[in-house]
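Trainee: First the structure, which I've put down as structure tokens, then a few questions once you've had a look.
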Amino acid sequence: KEPPRRYATAVELADDLDRWLTGEAVQARPASVVYRASRFLRRHRLVAVITLVAGIAAGAAGMFAVGKMNALTAEQKRQAERQKAVDVLKPASAILDEWEFRGAATTKQQLQFVHTTIGAARRVYPSVPEVELEDGRYALTLGAYADARVSFTRVIEEPSLRFLGHYYRARAALISYA
């Protein structure tokens, strides 16, 4: 009905039919992006599948790498938190070492300092095993064996507090003071 939109010759029609049969875009109508993409994918199925698989693999590898980096960052934060707790506890630990290893007498002021330091460390660093160990050692200093047992048992049984060296230290303390 519209002569400009018709094929001028039978050869043009045959060429368009050949293009359609081989999966190429036809000339009879304007080719949209979706139409051209569907024709391309039909012609190159293997390339499309390989590209799709490679894209999925690259995405999965990227997600794995980001997850690994987040885990490393979280571990670094935990290590930094543990180090800060150890630094806070050093003066109190030194007082307890004097009592435990040298049998030195501790003053009421020293015990109050240890108590305050451990209490502050427990509030700021609740999941750091060194805090529980020092709390157990402090309880032993006071002769509060039941409290010491609770602290040492937490280090042994609490998965978030279980570090190999602390486990054996707490277990040895429980055995020696039981």
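The values are calculated or read from the model by the stated rules, or taken from the named source; none is laboratory data. Everything numeric in this text was worked out from a predicted model, so none of it was measured. In this analysis, Cβ positions are derived from the backbone assuming ideal geometry, glycine residues included, and neighbour counts consider all displayed protein chains. All accessible areas refer to the heavy atoms of the entire protein, side chains included, with ligands and DNA or RNA removed. Shrake-Rupley method; radii C 1.70, N 1.55, O 1.52, S 1.80 Å.
Trainee: Pairs of Cα atoms under 8 Å, at least six residues apart: use those to get the relative contact order of the chain, whole percent.
Mentor: For the chain, the relative contact order is 12 percent.
Trainee: Once label points are set 7 Å from the Cα along Cα→Cβ at both His44 and Gln27, what is their separation, rounded to one decimal in nm?
Mentor: Placing both labels 7 Å along Cα→Cβ, they lie 2.3 nm apart.
Trainee: Using the Karplus curve 6.51 cos²θ - 1.76 cosθ + 1.60 with θ = phi - 60°, what ³J(HN,Hα) values do you get for each residue of segment 115-130, in whole Hz, with x for Gly and Pro?
Mentor: Karplus-based 3J(HN,Hα) across segment 115-130 equals 4, 5, 5, 5, x, 5, 5, 5, 5, 7, 10, x, 10, 9, x, 4 Hz.
Trainee: With a sphere of radius 15 Å drawn around the Cβ of Thr22, what net charge do the other residues whose Cβ falls strictly inside it have (Lys, Arg +1; Asp, Glu -1)?
Mentor: After counting each charged neighbour, the total is +2.
Trainee: So which trypsin sites (Lys or Arg not before Pro) in segment 1-107 end up in coil per DSSP with only 12 or fewer other C-beta atoms within 10 Å? Spell out each step's value before the answer.
Mentor: Details: sites: Lys1, Arg5, Arg6, Arg19, Arg36, Arg39, Arg42, Arg43, Arg45, Lys68, Lys77, Arg78, Arg82, Lys84, Arg102; in loops: Lys1, Arg6.
Hits after loop and neighbour filter: Lys1, Arg6.
Trainee: Here's another thing I want to ask about it. Compute the semi-axes of the equivalent ellipsoid of the chain, taking the square root of 5 times each eigenvalue of the Cα gyration tensor, and list them largest first in whole Å.
Mentor: The three semi-axes for the chain are 80, 15, 11 Å.
Trainee: Can you tell me the equivalent ellipsoid semi-axes for segment 111-160? Use √(5λ) from the Cα gyration tensor, largest first, whole Å.
Mentor: Equivalent ellipsoid semi-axes, largest first: 17, 15, 6 Å.
Trainee: What number in nm² do you get for segment 38-77 if you take the convex hull of its Cα atoms and divide its surface by four?
Mentor: Mean orientational projected area (segment 38-77, Cα hull): 2.9 nm².
Trainee: Using 0.36 nm per residue, how much length does the chain from Ala10 to Asp87 gain when fully extended, once their Cα-Cα distance is taken away?
Mentor: Answer, rounded to one decimal: 18.7 nm.
Trainee: Take Asp147, Asp15 and sort them by solvent-accessible surface of the protein heavy atoms, 1.4 Å probe, largest at the top. Spell out each step's value before the answer.
Mentor: Values: Asp147 95, Asp15 70 Å².
Listed by decreasing accessible area, they come as Asp147, Asp15.
Trainee: Calculate, in nm to one decimal, what Phe113 and Tyr145 gain on full extension: separation in residues at 0.36 nm each, minus their alpha carbon distance. Walk me through the numbers on the way to the answer.
Mentor: Values: separation 32, 0.36 × 32 = 11.52 nm, distance 2.00 nm.
The span from Phe113 to Tyr145 would gain 9.5 nm if fully extended.
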